[in-house]
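K.L.:
Before we start, here is the structure in question, set down as structure tokens.
The values are calculated or read from the model by the stated rules, or taken from the named source; none is laboratory data. If you're wondering where the values come from, they're calculated on a predicted model, not measured in any experiment. A quick note on method: Cβ atoms are made from the backbone with ideal geometry, for glycine too, and the neighbour counts reach across all protein chains shown.
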Amino acid sequence: MERMIDCVLFGASGDLALSKLIPSIYRCTKEGHVSLQSRLFFCARSQSGFENMHKNVKDALYRYLQEEEKDEKAMAAFLDCVIPIQVDITDKSSFKQLKSQLTTQSNPTRVFYLAIPPGHYAQVARVLHDQQLITESTRLVVEKPIGSDLTSSESINDALATVFSEQQIFRIDHYLGKETVQNLLAMRFGNSLFERFWDADAIDHIQISINERVGVKGRVDYYEGIGALKDMVQNHLLQLLCLIAMESPNELTPESIHREKIKVLKALRPLTGESVNENTVRAQYVAGGQNNQMESGYLEDTELSESTTETFVAIKAHINSWTWSKVPFYLRTGKRLSKQRAEIVIQFKDVALSLYPEQQLQANRLVIQLQPEERLRLHMMAKDRESLSTELKPVVLDLNFLEQKGSYRSFAYKRLFLDAVDGNRSLFMHRDEVAAAWQWIDPIATQWNKTHDLHLYRAGTDGPEAADGLINADGRAWFESE
Ligand code: NDP
């Protein structure tokens, strides 16, 4: 289906827009999902961002697209849709040009995409309303994080709600657009096999890790004072936790899915006071290296003499429900770690009785990998074909989506952009989810501010020893897939 849209992208000269959004919108036009009669108003505040828009967009396409996607003709046609606009959100009068261009003609769907600092969201909503630019078919897409605590997020969401209905607001978490994450739902609710074992009777514990190779260079202004807890755990990790822990919705509508996710977030066992110290680890990277290549530490990257901003978090969380109260969820995320890797590990329990007493049986493990590859792997024990006796060895049932015949590479932002255009909110966050997540995060941040307890880890490693200690204390270990 070809969609005719007017898309206004605020922050088109920024990192997110150039590296992820613009390549994804290009994919939508190249693959015929979005019509080339659409108008793409790419907004920058700076003079240079505005004047060099076409050049910067073209450079970004060459830099961030896969080789096979670079098609000169398709890129030229895409660039023809781009209309550069200079707007300073803090200056109402600078919206004049945008307004006159938007309203001279109009395509069926209007999308305002805010790839700008969240502090500006309320202001943009107000101006769009004052300038009468919001129609019934208008959608507003906003990036995470919404605010920096419950109070600021509620104030942003209240401001958005005064001019947009909840149905018009698309709070994006790009992890939810990943094919494997959607496959997690398909696996749970499209099969009878897994759901029967999806509880404390069968599952020992769950791990969710989002490990990044990159540091904070280039995003220092944003990151300092925010840190990994608010940048990653409040949204990505808790959203993944919701999809694992939620009960089956009675239908796959946005409302039913949101309802189930909110139940999980509200059932998170609060961490306050001393329980924060016992169940969380916060840390910051210092200079270190891999393969003889030294990488700088956080203080060098930020050019600060001191900072308690964490670049690594590990948390042991519990959900207060009959299904999950006995199953710990170990969450971890960090920057400048040894590998770029995002995965969910469902660790099942040992067999009830071992009939192979001489052998070391490994309990089943389901690994849902989101990065670097999207794949599902079920670790099991099977008889060793090369042995004449009943020797067992670990084997893996491996579902690699890229290697499947006829499969195509999935791009989360493309999928989510099209969902927003189509008005499908299933993979976006409801404001109550954002609020419930902050409600759980805020006391942790408060306690951290009191204790100032910050571990250090060397760049290029797997994080601080204290994070191993957190899980090892329960007789478990972080799973590191090859
Ligand atoms: P950048 O700092 O790279 O870009 C910010 C953009 O906002 C620039 O285009 C800038 O325009 C524009 N901008 C800033 N102030 C104004 C203003 N007063 N009026 C108009 N435009 C303005 O940020 P990112 O691209 O990294 O991030 C943008 C948003 O996306 C943030 O909310 C961030 O949290 C979120 N995000 C970013 C991710 C990433 O990977 N980068 C990942 C997930 C979310 P100009 O350059 O012309 O001044």
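K.L.:
Just to check your reading of the model, which residue among Ala412, Ala466, Ala459 is surrounded by 13 or more Cβ atoms within 10 Å (Cβ to Cβ), closer than 21 Å to Arg139 by Cβ and not hydroxyl-bearing (Ser, Thr, Tyr)?
P.N.:
Numbers: Ala466 fails: closer than 21 Å to Arg139 by Cβ; Ala459 fails: closer than 21 Å to Arg139 by Cβ.
Within the list Ala412, Ala466, Ala459, the selection yields Ala412.
K.L.:
Step by step: first the residues of region 1-53, then only those that are within 7 Å of the ligand (Cβ to nearest atom) and part of a loop (DSSP other than H, G, I, E, B), then the one that is nearest to Glu143 (Cα to Cα). Which residue is that?
P.N.:
Gly11
K.L.:
Please go through region 79-110 and give me each residue that is in a helix (DSSP H, G or I) and either of a type in the set (Lys, Arg) or within 15 Å of the ligand (Cβ to nearest atom) (or both), ordered by number.
P.N.:
First pass over region 79-110, keeping only residues in a helix (DSSP H, G or I): 79-81, 92-104.
Scanning region 79-110 gives Lys92, Ser93, Ser94, Phe95, Lys96, Gln97, Leu98, Lys99.
K.L.:
Can you list residue pairs whose Cβ atoms sit under 8 Å apart, with the first residue in region 275-297 being closer than 20 Å to Leu470 by Cβ and the second being among the acidic types (Asp, Glu) and at pLDDT below 95? Count only pairs 6 or more apart in sequence or on different chains.
P.N.:
Hits for this filter: Asn277/Asp453; Arg282/Asp453.
K.L.:
Return yes or no: is Gly177 touching a residue at least 40 places away in the same chain (Cβ under 8 Å), within 16 Å of the ligand (Cβ to nearest atom) and surrounded by fewer than 18 Cβ atoms within 10 Å (Cβ to Cβ)?
P.N.:
Values: touching a residue at least 40 places away in the same chain (Cβ under 8 Å): yes; within 16 Å of the ligand (Cβ to nearest atom): yes; surrounded by fewer than 18 Cβ atoms within 10 Å (Cβ to Cβ): no.
Considered against the rule, which asks whether it is touching a residue at least 40 places away in the same chain (Cβ under 8 Å), within 16 Å of the ligand (Cβ to nearest atom) and surrounded by fewer than 18 Cβ atoms within 10 Å (Cβ to Cβ), Gly177 comes out as no.
K.L.:
Oh, and also: When only residues in region 421-435 that are buried (at least 22 other Cβ atoms within 10 Å of the Cβ), among the hydrophobic types (A, V, I, L, M, F, W, C) and under 18 Å from the mean Cα position of the chain (by Cα) count, which is modelled with the lowest pLDDT? Steps first, answer last, please.
P.N.:
Here is the first cut: in region 421-435, the ones buried (at least 22 other Cβ atoms within 10 Å of the Cβ) are 421, 425, 427-429, 433-434.
Keeping just the survivors that are among the hydrophobic types (A, V, I, L, M, F, W, C) gives 421, 427-429, 434.
Filter again for under 18 Å from the mean Cα position of the chain (by Cα), leaving 427-429, 434.
Numbers: Leu427: 93, Phe428: 96, Met429: 96, Val434: 97.
In this case the residue turns out to be Leu427.
K.L.:
Need the failing condition index for Asn320 against (1) closer than 23 Å to Ile210 by Cβ; (2) at pLDDT 95 or above, just the number.
P.N.:
(1)
K.L.:
It is to be established whether one or more residues within region 149-169 are part of a strand (DSSP E or B) and either modelled with pLDDT of 95 or more or out of contact with any Lys or Arg (no Cβ under 9 Å at 6 or more places or on another chain) (or both). Talk me through it step by step, then tell me what you get.
P.N.:
Taking region 149-169 first, the residues part of a strand (DSSP E or B) are 169.
Going one step further and asking which of them are either modelled with pLDDT of 95 or more or out of contact with any Lys or Arg (no Cβ under 9 Å at 6 or more places or on another chain) (or both), we end up with 169.
Checked against the condition, which is being part of a strand (DSSP E or B) and either modelled with pLDDT of 95 or more or out of contact with any Lys or Arg (no Cβ under 9 Å at 6 or more places or on another chain) (or both), region 149-169 yields at least one hit.
K.L.:
Quick one: in region 58-78, which of the residues that are away from the ligand (no atom under 12 Å from the Cβ), of a type in the set (A, V, I, L, M) and under 27 Å from the mean Cα position of the chain (by Cα) is farthest from Leu18 (Cα to Cα)?
P.N.:
Ranking the candidates gives Leu65 first.
K.L.:
If you go through region 120-135 one residue at a time, do you hit one that is among the aromatic types (Phe, Trp, Tyr), within 22 Å of the chain's Cα centre (by Cα) and more than 11 Å from the ligand (Cβ to nearest atom)? Explain how you work it out, then say what you get.
P.N.:
Taking region 120-135 and keeping what is among the aromatic types (Phe, Trp, Tyr), we get 121.
Filter once more, so that each one left must be within 22 Å of the chain's Cα centre (by Cα): 121.
Within this subset, residues satisfying the condition of being more than 11 Å from the ligand (Cβ to nearest atom) are none.
The answer is no; no qualifying residue exists.
K.L.:
Same structure, new question: Scan region 448-463 for residues that are at negative phi and not in a strand (DSSP E or B) and jot them down. Write out each step before concluding.
P.N.:
Applying the first criterion (at negative phi) to region 448-463 yields 448-451, 453-459, 461-462.
Trp448, Asn449, Lys450, Thr451, Asp453, Leu454, Ala459, Asp462 - these are the residues of region 448-463 that are at negative phi and not in a strand (DSSP E or B).
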